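Remarks on the structure that follows.
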Amino acid sequence: MARHFFGYGRWDAPYWFIGPEQGGGDNPERAAAFSMLQKEKSTPDGLCDCLEFHRVIGENRWHFKAPVDLQWTWKRLMLLLMSFLGRPTENMNLCEYQRGCWGRACGESCVIDLSGLSFKCFRDSGDFYREAGHNPAVSWRNIRVDRVKSIRDKIRDVKPSLVVLYGYSHWRYWREIAGNDLPARGAAKRAGNTVFVLGPHPAAYGTEIDNSDLTWEALGKAARRATREVNQ
């Protein structure tokens, strides 16, 4: 799972969202679900249908309630996407999009993470990797290097219309993925037919972090404006 589980959707989707890692922390259940769903594919590719994955792990809040709960991180990323596309951003619209479109195998988004593992918080993640780093049988650094290269190569092949990189603490990895096309914090930058956006993690907080809905809508509008800019 650490090597091969990237997230949800399809690699040839036009809209990409790349974060540090998933929340949750229930890695044994997630690994079993990932393995089962990959075996059902004619060509395993490291991605799952978001709705089907959560059906298998028994998480009903995001897709199967009526109405669904808006997942905190996804909500802000969807606000950006809806603003980018000029679509409605009311909660009822976001709920419908989350249920039927977000990270779906038949949808328009590729929702992935730098790490294939899931943690309840960044502190748990940091503690895990510090402890695991002493295990000579596994090179976590090499796993991450391989994943960064895989993501970078796929972006170059697919040339998605939008690539959103979020989580400022992972800036060095976003730099490896986007190279000189990485924009400044809280900004958008066009490179060819792709607009890159660098934003905070939607769950981050602090005096220097503005994670309001308006901020994410503004990022989407900035990305939309960038599509009309002429490359320098």
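The values are calculated or read from the model by the stated rules, or taken from the named source; none is laboratory data. This is a predicted model, so every value here is computed, not measured. Cβ coordinates were reconstructed from backbone atoms using ideal geometry, including for glycine residues, and neighbour counts include every protein chain displayed. Heads up: the accessible areas ignore ligands, DNA and RNA and are worked out on the full protein's heavy atoms, side chains in. Shrake-Rupley method; radii C 1.70, N 1.55, O 1.52, S 1.80 Å.
Extent of region 1-124 along its three principal axes (Cα atoms, max minus min coordinate, largest first): 36, 32, 27 Å.
Of the trypsin sites (Lys or Arg not before Pro) found in region 1-30, those that fall in a DSSP loop while having at most 16 other beta-carbon atoms within 10 Å are Arg3. Straightening the chain between Asn180 and Leu214 buys 9.5 nm, computed as 0.36 nm per residue apart minus the Cα-Cα spacing. Directionally averaged projected area (the chain, Cα convex hull): 12.7 nm². Distances between placed amide hydrogens fall under 5 Å for Cys48 paired with Gly7, Tyr8, Gly9, all partners being 5 or more residues away or on another chain. In a reduced charge model with +1 at each Lys and Arg Cβ and -1 at each Asp and Glu Cβ, the chain shows a dipole moment near 540 debye about its Cα centre. Roll a 1.4 angstrom probe over the protein heavy atoms and tell me the percent of accessible area of the chain that is carbon or sulfur. That fraction is 50 percent. Annotation for Lys65 and Ala204: the two label points, set 7 Å from Cα along the Cα-Cβ direction, are 2.8 nm apart.
If you take the beta carbon distance between Asn93 and Tyr168 as r and set R0 to 25 Å, what does 1/(1 + (r/R0)^6) give as a FRET efficiency, to the nearest 0.05? Mind showing how you got there, number by number?
Numbers: r = 28 Å, r/R0 = 1.12.
That pair, Asn93 with Tyr168, gives E of 0.35.
Dipole of the chain computed with +1 at Lys/Arg Cβ and -1 at Asp/Glu Cβ about the Cα centre; of Trp62, Leu51, Phe84, farthest Cα towards the positive end is Phe84. Restricted to Cα atoms, region 143-223 shows a radius of gyration and a Dmax of 12.9, 39 angstrom.
For the cross-link pairs Lys39/Lys221; Lys65/Lys159; Lys65/Lys154; Lys41/Lys189; Lys39/Lys65; Lys41/Lys221, which exceed 31 Å when the distance is taken from alpha carbon to alpha carbon?
Working: Lys39/Lys221 39 Å; Lys65/Lys159 35 Å; Lys65/Lys154 34 Å; Lys41/Lys189 35 Å; Lys39/Lys65 28 Å; Lys41/Lys221 36 Å.
Among Lys39/Lys221; Lys65/Lys159; Lys65/Lys154; Lys41/Lys189; Lys39/Lys65; Lys41/Lys221, the Cα-Cα distance tops 31 Å for Lys39/Lys221; Lys65/Lys159; Lys65/Lys154; Lys41/Lys189; Lys41/Lys221.
Could you check what % of the DSSP bridge pairs in the chain are antiparallel, to the nearest 5? Intermediate results must be reported in sequence, preceding the final value.
Details: 8 of 25 bridges.
That works out to approximately 30 percent antiparallel.
What you get for region 1-107, charging only the Cβ of Lys and Arg (+1) and of Asp and Glu (-1), is a dipole of about 80 debye around the Cα centre. Scanning the chain for GluC sites (Glu not before Pro) lying in DSSP loops with no more than 13 further Cβ atoms inside 10 Å, the longest uninterrupted stretch between such sites is 91-207. Using the Cβ of Val111 as centre and a radius below 12 Å, the other residues enclosed give a net charge of -1, where K and R count +1 and D and E count -1. The mean sequence separation of alpha-carbon pairs under 8 Å and at least six residues apart, normalised by the residue count of the chain, gives a relative contact order of 28 percent. Taking every Cα-Cα distance in region 190-232 and sorting them into 10 Å bins starting at zero, the pair-distance distribution P(r) comes out as 27, 43, 24, 6 percent.
Summing +1 for each Lys or Arg and -1 for each Asp or Glu among the other residues whose beta-carbon sits under 12 angstrom from that of Asp49 gives +1.
Taking only protein heavy atoms and a 1.4 Å probe, what accessible area per residue, in Å², does the chain have with all protein chains in place?
Details: 11730 Å² over 232 residues.
Solvent-accessible surface per residue comes out at 51 Å².
Restricting the trypsin sites (Lys or Arg not before Pro) of region 140-208 to loop positions (DSSP other than H, G, I, E, B) with no more than 13 neighbouring Cβ atoms within 10 Å leaves Arg185.
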